[in-house]
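Each remark here refers to the structure printed beneath this line.
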Amino acid sequence: MKIKPSKFKKSPYDISKTDAYEDFFVYYDKDGKCEAIEFNSNADVKFKNISFFGVKYVDVENAFRNIDSDIGIDEVGFNSNKFGIGVYAPNKDDNDAEIESVIIFRQGYYD
């Protein structure tokens, strides 16, 4: 059975439509090539034995600090350009805050 995604523009500035599946979004560049995939907390996403969902945000940030000394941290999460991974945790300052989404992106996505 082939599942067809819904398609929409996530923001009015997007050039291409986003494919929306139950557990993730797929973003495309102007040439129709995939440039990022964003997973929500229903997905089981891991990298180098680091789980992203169902764990505390602070533990994931600390794990990434150990493997990428150049992560970019802001008020809602962090990005690792080295590995092409970003996390979104709008309540990250709460001790028990968890990650709401994880984006896997190609080099230059945030440039």
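Computed across the chain, the Kirkwood hydrodynamic radius from all distinct Cα-Cα pairs reaches 14.8 Å. For Lys82, the lysines whose Cα comes closer than 18 Å to its Cα, not counting residues fewer than 8 places off in the same chain, are Lys46, Lys48. Listed by chain and number, the lysines whose C-alpha is less than 24 Å from the C-alpha of Lys7, apart from same-chain residues fewer than 8 away, are Lys17, Lys30, Lys33.
Relative to the dominant Cα principal axis of the chain, helix 57-67 is inclined by about 90°. Using helices alone, I'd like the mean residue ellipticity at 222 nm for the chain: each DSSP H run of four-plus residues gives -39500 (n - 2.57), total over residue count, nearest 500. It comes out at -3000 deg cm²/dmol, rounded to the nearest 500.
Here, each number is a calculation from the coordinates, and none is a lab measurement. Please read all numbers here as calculations on a predicted model, not as lab measurements.
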